[in-house]
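Engineer: Got a structure here, written out as structure tokens. Questions coming.
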Amino acid sequence: MPCERKPMRYDHSEGHTEVCYDDSGRFIVTCGNDGDVRIWESLDDDDPKFITVGEKAFSLALKNGKLVTASSNNTVQIHTFPDGDPDGILTRFTTNATHVTFNSSGSRVAAGSSDFMVKVVEVSDSSQQKTLRGHEAPVLSVTFDPKDDFLASASCDGSVVVWNVDEQTQVISWPLLQKTNDVSNAKSLCRLAWQPKTGKFLAVPVETKVHLYERGTWDHVSTLSDDLLTQPINVVAWSPCGRFLAAGSVGGALNVWDASSKLCVERQKHEKGFTVCGLAWHPSGSQIAYTDTEGCLGLLDGLSTSTSTTSTSTTKQVAEKKPANDFDDLFDDDDDRLMDEGLSDTNSPAKKPAAVDDDDDDDFLVPATGRVRNRAILDDENSLDTGSLKLGRDKFGEDDDDAGSAVMPAAAAPLVPLRPVYDGPMPTPPQKAFQPGSTPAHLTHRFMMWNSVGIVRGYNDEQDNAIDVEFHDTAVHHAMHLTNSLGHTMADLSQEAVLLACPSTDELASKLQCLHFSSWDTNKEWMVDLPKDEDARALCLGQGWAAVATSALMLRLFSIGGVQREIFSLPGPVVCMVGHGEQLLIVYHRATGFDGEQALGVQLLQFGRRKRQLINGEPLPLSRRSYLSWLGFTAEGTPCYVDSEGVIRMLNRSLGNTWTPVCNTRETCKSKSDHYWVVGVHENPQQLRCIPCKGSRYPPTLPRPAVAILPFKLPLCQTATEKGQMEEQFCRSVLFHNHYSFLSSSGYEINEDGRSQSQKEQQELLMKMFALSCKLEREFRCVELAELMTQNVVTLAIRYASRSRRMALAQRLSEIALEKANQMQEEEEEEEEEEPEYSRRTSGYGQSGRHGNRRNQEEEEEQGEELREEEDGGQEMETEEPAETRRRVNPFAKEAGSPVTPSVTPTAKVGRANPFKVLGSGKPSSSSGQPRVTNILDNMTSSRKSSPLSGAAGKQSKGPVLKPLAPRPKTKTQSTLLQMTGTKASNKKTPENAEPAADRQKQPDVPPPSAPAENTENKRPKTGFQLWLDENRKNITADHPDLEETDVIKEAMGRFRTLSADERLSWTERAKGQTGDDATDLKKRKRGGAGGGGGGGEEEDGRTDADENSAKKKKSLDPSSKLSAFAFNKS
């Protein structure tokens, strides 16, 4: 595409200028820094007409006889063309507009402004406006999609955004450009251009290349580049046919590419090398007008598309003639011509003499056809293996409007590369170092740090270069205003100090400054110069120390008073780091990432009395194609971080220091362009503190942003189901309470209440999941859940399984319970052996701690009871019996007549009192000094002493015993629970009935003065089932002579159940009649005896009375009576 470069004309005063053609191509129209719009009939026009539109004109657009300009009075005006009569103001901004453009029909105008906004205005009715908000810095350029659906804009915040105009929403945003704070400081104007007619491609100038994005998919489909381009491209413009793309760059280079083949078909250079800032094609496609930053106008003339078209079509014919596998020879016949073109001007058939001035001919030795690109393109990092041909066909071949754009015929086979070319994934540019909790450094007003202690703001404008420090809790320190004479760009803030750092300049070294406001002496500030050529990249504060990571891959550790303590090398360039207490977390680049991935490594160090490294250079997991956006510790000291996809991950110390995703902030964002900027994480209560940012990744400093609180949610499967929800809550509860064990192992005091509360919460969830699995008949799953439960909750689960008639499950659970009981006892014995002295000294503390734990478990039990009441509501036993009968059977109730004797406990054992031991009176040993708490656990907890060896304490003990639960005529509970103890019981003595067997087994646990309990033992009233069993035992043993005692009871229960309701009732009545008098007698005696036991006994008494009065009620509303109805069945 040979062309002639015309000499430049002086046009406007020095500064930014723009150019366009009118619809007919008759006039060239320019605007510039002098506030004039000039209308040129040709480049030789010595007296162009002009219209003054303001002090300065920043941009212009022309269509359908309407001239729209953006001028320095913050308005977008409209004039008639060519007369130049004012036609009103289209729209206003709060500061000057930077770019204006028409849509393809001329019905709408889009304008971008330095106040970060883009407005779309109807030309016929300027009240019809749409405002597109979301950029975080001045807008550089805007362009309409030819079909009028979308609008693209580029901004100083580094992003190029595609908007849906009607919905006023962002469709996609690409972070492509370097961030700046103003258009005047931008490296490139980044004038975007949408391919005319079809609008298939959006051209975006990025550094020295032009990226083409496909409409609809918004994929980056190809890149136009030229090896000779060394400076950023400023403006791009499509030819009217939509096939060629012209670009003007900062260094004055002018290039034209054939977009279909990606070949550079024209190269020209500005005669003085000034920056090209305006570019426009003549409607015929034969000329390009351009302007520079010195106010001059130039022209490239004689751009004919014929040469290219013919060369493309000849290539096409050659390709068709050749066999498909013989593409190596495709260009052989014109290789000589190409080489000649490169060497000699005279042999170049396609080239016209283009040089006008002798001193410029160096610039034009490059052949004008640009065919040498066939050689050069293979070295281009963005090219595919076959250079331009294959890509041209794949990416552009389908475009109906571009005749001849498909270089290859459709039937052609894939090409063989001309030279070996790397075609693998491209390396990802490594992300730059940043301070977590800070906004980008290019902003004039920014957050230098926002953390749980306070906020550090930086201001750097014409009036002021200062830093403001504000504390969330003013009790820590009052707010501070610091002049930033050193130009600090990094900050961190703790309860003790403010740490600041600045980069080095040519004259000055990089400095670290610390304002140690918690110091008790008068010198509250220290400063350190880093060595020459070493810059601070990241810094953080911990408890009593400060750290700075430098460009020399070094980490320097200082005490908070300024003593240099440690120095060590980092494995890679630092990305960021944070401190909390004694912990230091560092993230660095461990390698080059590929294909959009960042390869980051993480180190976690702990500086206690013994310094150690907890995580040593493990890879830091990120979401696909994302980068790290925040790093920190929870308030409780667990490391966590956020990536650019909004996923928050937390360290799971209980799983070998792995990282668990705990929240995805993108799920709560309303639009794609919204983000949450994290400022803090709390584990208890579970809170994620962050600032919602509309259309941006970070908040502005003014107005002061409001902090929102988001909940956590682990990404488990099927969280819509009840099972999934409970599993998620359980896993989250476990993960978020790991910090208790870490803190206690690190020697910190911890909140025992919080810890026990979390355990209670977990056990409740396990019980709920157990109940759900029972409902779903997943018994194996039930056992898996029981493995996670504490022993008390397993006992509840056994009871639940028995009531649900799942005897096999109850049997397995009882084995687990026994195992857990043994385990508990072994642990306790180990403790006793390890710390006898300590335990004796802290006896009071030990007991209260245990009782606290026990109360907690009692609450769990209550919860479990209520749960089962609900579960069983529908399955009350088939046979309805009077409630009194049900209440009578309670082998664990206090022995009715036992006088309450204070137990005699050897003093040596006081420190290790077993709070779970049930004494004769049903009380914990009085040495504990705890008030009596009436609950299931007193009766249900297993005996902790299980081996005869523990007789050393002067108490007898029979092997491990799990107390059986209440035998009920209607359930199979007894058969399961008694199996655990039945064998031993039958060896000892064949019990006359099930209950005394159980009770006698309890006997050895009771300290010596419990004889009265034994007397009353035999007088316990019998149940109807026991009476029936006594009479029918012979028949059963005759039928099944081999049965053991427990199996006899099982068989008997089965037979008893087959009796009719009336028969069973009559047996119960008989039992009642037989023991009614005894019962009342016992009750009186019990009342008398309870007086000695203090208020607790009376409370129990009262409850018994209440139970008797409400015996006829099915269920009581009060949860405690619910419990007593189900668990106690008091007589």
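Engineer: What does the charge count near ALA441 come to, summing +1 for each Lys or Arg and -1 for each Asp or Glu among other residues with Cβ under 10 Å from its Cβ?
Structural biologist: Local charge sum for ALA441: +3.
Engineer: Right, here's the next one. With a ≥ b ≥ c taken as the square roots of the eigenvalues of the C-alpha gyration tensor of segment 546-702, please select rounded if a/c is under 1.5 and otherwise prolate if a/b is larger than b/c or oblate if it is not?
Structural biologist: Judged from the Cα gyration tensor, segment 546-702 comes out prolate (a/c at least 1.5, a/b above b/c).
Engineer: Which distance in Å, rounded to a whole number, links the C-alpha centroids of segment 59-108 and segment 268-283?
Structural biologist: So the separation of the two Cα centres works out to 23 Å.
Engineer: Something else about it: Largest first, how would TYR800, TYR459, TYR422 line up by accessible area (1.4 Å probe)?
Structural biologist: Greatest to least solvent exposure: TYR422, TYR459, TYR800.
Engineer: May I ask you to give the average projected area over all directions of the convex hull of the Cα atoms of segment 209-310, in nm² rounded to one decimal?
Structural biologist: About 6.7 nm², averaged over all directions.
Engineer: I'd like the accessible area for LYS524, computed on protein heavy atoms only with a 1.4 Å probe and all protein chains in place. Round to 10 Å², please.
Structural biologist: That residue has around 80 Å² of solvent-accessible surface.
Engineer: Could I ask something else about it? Got a number for the accessible area of ARG805? Probe 1.4 Å, square angstrom, nearest 10.
Structural biologist: Spelled out: ARG805, probe radius 1.4 Å, area about 90 Å².
Engineer: Which value, in Å to one decimal place, does the Kirkwood hydrodynamic radius take for segment 484-598 when every pair of different Cα atoms is included? Don't skip to the answer; put the middle values down first.
Structural biologist: Numbers: mean 1/r = 0.0682 Å⁻¹.
Result for segment 484-598, one decimal place: 14.7 Å.
Engineer: Which net charge results when you count Lys and Arg as +1 and Asp and Glu as -1 among the other residues whose beta-carbon is under 10 Å from that of ALA536?
Structural biologist: Here the count lands on +1.
Engineer: Using a/c under 1.5 as the rounded threshold, could you call segment 20-97 rounded, prolate or oblate? The axes a ≥ b ≥ c are square roots of the C-alpha gyration tensor eigenvalues, and prolate needs a/b larger than b/c, oblate otherwise.
Structural biologist: prolate
Engineer: Related question: How much accessible surface does ASP166 have with a 1.4 Å probe, in Å² rounded to 10?
Structural biologist: 90
Engineer: Along segment 102-118, what does the Karplus equation 6.51 cos²θ - 1.76 cosθ + 1.60 (θ = phi - 60°) give for ³J(HN,Hα), rounded to whole Hz, x for Gly and Pro?
Structural biologist: With coefficients 6.51, -1.76 and 1.60, one gets 8, 7, 5, 8, x, 8, 10, 10, 10, 9, x, 9, 6, 8, 6, 9, 10 Hz.
Engineer: Using DSSP to define loop residues, name the trypsin sites (Lys or Arg not before Pro) in segment 670-753 whose beta-carbon has at most 12 other beta-carbon atoms within 10 Å.
Structural biologist: LYS670
Engineer: For segment 482-490, in order, what is each residue's ³J(HN,Hα) by Karplus, 6.51 cos²θ - 1.76 cosθ + 1.60 with θ = phi - 60°, in whole Hz (x at glycine and Pro)?
Structural biologist: With coefficients 6.51, -1.76 and 1.60, one gets 10, 7, 9, 5, 7, x, 5, 10, 10 Hz.
Engineer: If you take every residue apart from VAL783 with its C-beta less than 15 Å away from the C-beta of VAL783, what net charge results, scoring Lys and Arg +1 and Asp and Glu -1?
Structural biologist: -1
Engineer: Something else now. Quick query: amide H of VAL679 versus all other amide H atoms, modeled in the peptide plane; which residues come in under 5 Å with a sequence gap of 5 or more or a different chain?
Structural biologist: Answer set, sorted by chain and number: ARG689, CYS690, ILE691.
Engineer: In terms of solvent-accessible area of protein heavy atoms at a 1.4 angstrom probe, what is the ranking of MET767, MET480, highest value first?
Structural biologist: The ordering from most to least exposed comes out as MET480, MET767.
Engineer: Which far-off residues, 5 or more places away or on another chain, put their amide H under 5 Å from the one on ASP87, with H placed in the peptide plane?
Structural biologist: ILE78, HIS79, THR80
Engineer: Give me the mean projected area, in nm² to one decimal, of the convex hull enclosing the Cα positions of segment 687-813.
Structural biologist: 11.6
Engineer: Starting from the amide H of THR208, placed 1.01 Å from N in the peptide plane, find each other amide H under 5 Å away whose residue is 5 or more places distant or on another chain.
Structural biologist: Those qualifying (amide H under 5 Å, at least 5 residues apart or on another chain) are ILE233.
Engineer: A further question follows. Scale the Cα Rg of segment 170-251 by the rule-of-thumb value 2.2 N^0.38 Å and send over the ratio, two decimals. List each step's numbers first, then the result.
Structural biologist: Numbers: Rg = 12.8 Å, N = 82, 2.2 N^0.38 = 11.7 Å.
Ratio of Cα Rg to 2.2 N^0.38 Å: 1.09.
The values are calculated or read from the model by the stated rules, or taken from the named source; none is laboratory data. No experiment lies behind these values; they were computed from the predicted model shown. Methodologically, a virtual Cβ is constructed for each residue, glycine included, from the backbone with ideal geometry; neighbour enumeration extends over all protein chains shown. These area figures cover heavy atoms from the full protein model, side chains too; ligands, DNA and RNA do not enter into them. Shrake-Rupley method; radii C 1.70, N 1.55, O 1.52, S 1.80 Å.
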